[in-house]
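The values are calculated or read from the model by the stated rules, or taken from the named source; none is laboratory data. Predicted model, so just to flag it, every value in this text is computed and none were measured. Positions of Cβ are generated from backbone atoms using ideal geometry, with glycine treated the same way; all protein chains shown enter the neighbour counts.
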């Protein structure tokens, strides 16, 4: 059995300090306030002792080994826990090095299987060199064999700072940020502040416009900086059926996924990225449930030229020639259905502005109806589906266009739904689920023609049944 | 491929929003979907009554809030509360016999499917090869009616992919056997750890 690196104790203590930051701040404030009978030092010393001892105990009790095709992790002093993970069930291996890890020369190795959500085993932390050895062992090499830091395999993609800048600049996060700030402002200042702000904006339109522009700009710059820092030095490699992503300026990430474990593929483009001819690619594995919550998500690459995207997609789904499929349109009643469904929003829009007087309420409602009447058919035209035999494709989104590709061999279940309104307009919705998404939903194919939906449902169900892997995932 | 209705329900004749076109009632069961046990109607009614026992006091409480705090005219409020109570009771008691006609399941050579919903209709399909585990659950009310529910779970999601309610334990056992037919492997002696 192997141990973690001794410096793990230090790392654990740092983590504990991070977790207890609120408590520590509280004590700091209490000390500054300066009570007469002050025993802050005693409490802090006790806390420190507890954290130190528990970190040391965790280090002492933690053992792991990789042998006979299994990873065995043993931990715990009072309650002994021994977890065994067959190597062929591993979906995802992830190496993380925060700035602190890098100073200490450590690395975290996290292993995910298809079971439940989150990380199934976390080896935190190993020496950087040993991390490489363990990673290689988890992927099938013998543990005692030395592994050089892998630069092997075919380099598929390397993003320059210029490309990352483009990626950050073209993912329009500025607008959501602005709306977020505005709604926050609206909630906080519900009692008249909003009205006062509106009045101020009406009185001094130039200043208001300037503030809005500055906020937009700040959000835009923030998006660029974040992309540069998170994905700095991005590399995508392919070796022996495994895709390796490595990225990060400060906190470095390396994650390895097996190509055959990919559950679905998404090509996303904001409207700006469509004009620039670029987009981002995402892949889901059955393990990425927790990863999705994080900033990087299941991103395969934050930026790829539209022309090169099919080449990368083909690594996972070999039959894909291009992403311009012969898209089938939605059902004929779809624009009407989506327009009428959006009318619920009219009520909300009217209610929200109602406080400003009936004229405002009616005006807002009318404007909303008009906008929806124009947007609904456009939105429907932007959507479409394609049955490619081994893969089913779904496209949607007016501003942010998302093309989702689901291999039939990975479909876990299919759901057919019809609301009363859809029934009246001869529409139906198909929900395709794989093991690779948080709510279990890969594609919600809204408002298909009811007969086409029935045919597609038949095809997907029988293909999924025929092409399941041995463990069903 | 398997036998399927040539025209899906509702596609040939558009019906009104209330979907209470009696021509559609029970069509599902004629199309090869197995209905649940008829006792399930009584079970749903009892479940509805139990739910109503909790709903009605909430409505009455809301009535008190409207009368005492908001000072709305009491006669109107109490008339509204009484009407809502009657309406919910009517729904809980009346709807089960209708939803029975829209509920069913079918076990095919390669998949299991379930259908439900009178107004918002849905059908769930799970290929047999995707089944990870199955649950047979019988709550106190279901046990009183001699019924249970059967759920199928697939990879990657926590909830059940297909749930069939109101079937007999024998039928649930039949489904379980059909979906998980693997023989029990011979017992292997475990070696002591380390």
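Against the test of being over 18 Å from residue B:162 (Cα atoms), crowded, with 21+ Cβ neighbours inside 10 Å and touching a residue at least 40 places away in the same chain (Cβ under 8 Å), the options A:402, A:414, A:406, A:432 yield a single qualifying residue, A:406.
Is it the case that residue A:85 is closer than 30 Å to residue A:248 by Cβ and in a helix (DSSP H, G or I)? Criteria not met by residue A:85. All of B:131, B:126 fail the test of being within 14 Å of chain A (Cβ to nearest Cβ) and modelled with pLDDT under 90, apart from B:131. Here residue A:82 meets the list (1) touching a residue at least 40 places away in the same chain (Cβ under 8 Å); (2) out of contact with any helix residue (DSSP H, G or I) (no Cβ under 7 Å at 6 or more places or on another chain); (3) within 14 Å of chain B (Cβ to nearest Cβ) almost entirely, failing just condition (1). Of everything in the stretch A:416-427 that is touching a helix residue (DSSP H, G or I) at 6+ places or on another chain (Cβ under 9 Å) and outside any helix (DSSP H, G or I), the residue that is farthest from the other protein chains (Cβ to nearest Cβ) is A:427.
Whether any residue in the stretch A:25-34 is under 34 Å from the mean Cα position of the chain (by Cα) and touching a residue at least 24 places away in the same chain (Cβ under 8 Å) is what I want to check. No, the stretch A:25-34 contains no residue that is under 34 Å from the mean Cα position of the chain (by Cα) and touching a residue at least 24 places away in the same chain (Cβ under 8 Å). Residue A:374 fulfils the conditions (1) under 24 Å from residue B:113 (Cβ atoms); (2) surrounded by fewer than 16 Cβ atoms within 10 Å (Cβ to Cβ) except for a single criterion, (1).
The listed residues are B:134, B:118, and the only one of them that is touching a helix residue (DSSP H, G or I) at 6+ places or on another chain (Cβ under 6 Å) and under 25 Å from residue A:421 (Cβ atoms) turns out to be B:118. Residues that are without any contact (Cβ under 8 Å) to a residue 12 or more places away in the chain and facing chain B (nearest Cβ under 7 Å) do occur in the stretch A:453-463. Only residues that are more than 11 Å from the chain's Cα centre (by Cα) and assigned to a helix (DSSP H, G or I) were counted in the stretch B:96-122, giving 2. Cβ-Cβ below 8 Å, separation at least six or inter-chain, first residue in the stretch B:165-194 and within 14 Å of chain A (Cβ to nearest Cβ) and more than 30 Å from residue B:40 (Cβ to Cβ), second modelled with pLDDT of 90 or more and part of a helix (DSSP H, G or I): which pairs? Nothing qualifies. Residue A:123 - would you say it is touching a helix residue (DSSP H, G or I) at 6+ places or on another chain (Cβ under 9 Å) and closer than 26 Å to residue A:6 by Cβ? Taking the combined requirement at face value, the residue satisfies it. Filtering the stretch B:130-163 to residues that are assigned to a strand (DSSP E or B) and either surrounded by 14 or more Cβ atoms within 10 Å (Cβ to Cβ) or under 16 Å from the mean Cα position of the chain (by Cα) (or both) leaves B:134, B:135, B:136, B:137, B:148, B:149, B:150, B:151, B:152, B:153, B:162, B:163. Scanning the stretch A:356-406 for residues that are assigned to a strand (DSSP E or B) and in contact with a helix residue (DSSP H, G or I) (Cβ under 8 Å, 6 or more places away or on another chain) gives A:385, A:387, A:391, A:392, A:395, A:396, A:401, A:405.
Considering every residue within the stretch A:453-473, establish whether at least one is over 28 Å from residue A:310 (Cα atoms) and at pLDDT below 90. Within the stretch A:453-473, one or more residues are over 28 Å from residue A:310 (Cα atoms) and at pLDDT below 90.
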